Amino acid sequence: MIVSMIAAMDKNRLIGNGPDIPWQMPVDRRHFRDMTIGKPVVMGRKTFETLKRPLGKRRNIILTRNRTYEAPKGCIVAHSVEDILQLCEGTEELMICGGAPIYEAFLPHANRLYLTRIHATFKGDVYFPAFDTEAWQEVKRIDGEPDEKNPYPYSFVFLERK
Ligand SMILES: NC(=O)c1ccc[n+]([C@@H]2O[C@H](COP(=O)([O-])OP(=O)(O)OC[C@H]3O[C@@H](n4cnc5c(N)ncnc54)[C@H](OP(=O)(O)O)[C@@H]3O)[C@@H](O)[C@H]2O)c1
């Protein structure tokens, strides 16, 4: 199984501010949808609760320590990384969608990264974990210029573990 992590971050690896994403970049929301559609998505309980509704056309897996957590119909609740890896055995690609402790916990298991690098800096308090760039090889990069709806330059970067 390919274990992939998908995240958008600023120049300092910032990914969030309280419950919010610090920027508005519809191009990245579309990229997220395109990269995750049809695949199981794993989210921490806090990230899941920022959604208006579960992500459509994807198996939503929510990680929480709360044994009595009640998720909307159709969503799966899990309590450990190992449970999720076992549950998804046989899946082609598992998409890890944050936030910070979820990226941290899955980093040792991940073999692919889909990173949106936003070439700007923002205020916030949630960070993608530091990772050894030497251990990863960039296999593809798409650079994007700002436009009316997307105010910052960005790159979609695809990395594979060496
Ligand atoms: N830029 C991006 O790509 C991106 C992506 C995702 C999220 N975000 C941002 O990240 C922030 C939210 O993320 P967050 O880091 O604060 O929280 P989070 O990772 O979404 O959720 C944290 C919760 O997950 C559960 N959890 C964490 N580790 C666990 C483990 N090992 N086993 C079982 N359960 C575990 C716990 O839930 P319980 O408390 O219920 O036990 C914990 O409180 C927001 O700012 C959001 O906008 C950004």
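The values are calculated or read from the model by the stated rules, or taken from the named source; none is laboratory data. Quick caveat: nothing in here was measured; it's all calculated off a predicted structure. Positions of Cβ are generated from backbone atoms using ideal geometry, with glycine treated the same way; all protein chains shown enter the neighbour counts.
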| message | Every residue in region 8-36 that is within 11 Å of the ligand (Cβ to nearest atom) and of a type in the set (D, E), please. | response | D10, D20, D28
| query | Which residues, counting only those in region 37-50, are out of contact with any strand residue (DSSP E or B) (no Cβ under 8 Å at 6 or more places or on another chain) and either free of Cβ contacts under 8 Å to residues at least 40 places away in the same chain or more than 10 Å from the ligand (Cβ to nearest atom) (or both)? | reply | I37, G38, E49
| Which of the residues spanning region 148-161 are touching a residue at least 12 places away in the same chain (Cβ under 8 Å) and farther than 24 Å from E92 by Cβ? | K149, N150, P151, Y152, P153, Y154, S155
| task | Could you identify the single residue in D125, D83 that is in contact (Cβ under 8 Å) with a residue 12 or more places away in the chain and charged (D, E, K, R)? | result | D125
| Output for region 52-73, where each listed residue is more than 10 Å from the ligand (Cβ to nearest atom) and under 23 Å from P22 (Cβ atoms) | K52, R53, L55
| request: Would you check which residues across region 83-113 are surrounded by fewer than 21 Cβ atoms within 10 Å (Cβ to Cβ), within 10 Å of the ligand (Cβ to nearest atom) and not small (G, A, S) and list them? | output: D83, P101, E104
| query | Which one of these is touching a residue at least 12 places away in the same chain (Cβ under 8 Å) and either under 27 Å from K123 (Cβ atoms) or over 13 Å from the mean Cα position of the chain (by Cα) (or both): R29, R67? | reply | R67
| field | Residue among R117, R59 that alone is closer than 30 Å to K11 by Cα and either surrounded by fewer than 20 Cβ atoms within 10 Å (Cβ to Cβ) or at pLDDT 95 or above (or both) | value | R117
| request: Note down all Cβ pairs under 8 Å where the first residue falls in region 96-118 and is touching a residue at least 40 places away in the same chain (Cβ under 8 Å), the second is near the ligand (Cβ under 8 Å from one of its atoms) and of a type in the set (K, R), and they're at least six residues apart or on different chains. | output: G99/K46
